[in-house]
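Student: Below: one structure in structure tokens.
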Amino acid sequence: VEQRRTGQRPSAPAKLPSPSETASNDGMTAYQAGNYAKAITNFKEALTDKAMTVENQIMALKFTAFSYCLTQRVKQCRAEFASILRLDPKFELSAAEIGHPNWGAAFRAEKARLKSPPAKK
């Protein structure tokens, strides 16, 4: 009926965000507000969605890593970077990110660790 009156098709209903998208969005909001503990919780929740794209997984893992580094939990920060590098061994932080004093060194160290051959026994 709408199409006959206006000559246009009705627009499709808005797509509701998935639970992982909602959790990721909440994580970014918390991160930007400096609430790193909440950001970590939200990103970890998002990462439980097995249907999450690799690109979105990497984004969630990256900001989880940043949040850990900003709360002086370098071991956990590096573990998140390791997870990213297992998903995408060619992953690189942006120039601004790699130079960050909190997580730049953690990322470089983890990347080097994963690139180095296993120790001989």
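Each reported figure results from applying straightforward, stated rules to the coordinates on display, with no laboratory input. Quantities reported herein were computed from a predicted structural model and do not represent experimental measurements. Note that we place each Cβ from the backbone using ideal geometry, even for glycine, and neighbour counts take in every protein chain shown.
Student: Can you tell me which residue in region 45-91 is farthest from residue 103 (Cα to Cα), limited to those that are in contact with a Ser or Thr (Cβ under 6 Å, 6 or more places away or on another chain) and small (Gly, Ala, Ser)?
Tutor: 46
Student: Among 67, 116, 83, which is the only one that is without any contact (Cβ under 8 Å) to a residue 60 or more places away in the chain and touching a Leu at 6+ places or on another chain (Cβ under 6 Å)?
Tutor: Sole residue among the options that is without any contact (Cβ under 8 Å) to a residue 60 or more places away in the chain and touching a Leu at 6+ places or on another chain (Cβ under 6 Å): 83.
Student: Would you pick out the residues in region 86-112 that are of a type in the set (Gly, Ala, Ser) and either within 21 Å of residue 42 (Cβ to Cβ) or in contact (Cβ under 8 Å) with a residue 40 or more places away in the chain (or both)?
Tutor: Result: 106, single match.
Student: Restricting region 66-105 to residues that are under 16 Å from residue 35 (Cβ atoms), surrounded by 20 or more Cβ atoms within 10 Å (Cβ to Cβ) and not polar (S, T, N, Q), which is nearest to the chain's Cα centre (by Cα)?
Tutor: Top of the filtered list is 66.
Student: I'm trying to understand the selection: among the residues of region 24-44, which are within 19 Å of residue 70 (Cβ to Cβ), without any contact (Cβ under 8 Å) to a residue 24 or more places away in the chain and either surrounded by fewer than 20 Cβ atoms within 10 Å (Cβ to Cβ) or hydrophobic (A, V, I, L, M, F, W, C) (or both)?
Tutor: 26, 29, 30, 32, 33, 34, 35, 38, 41, 44
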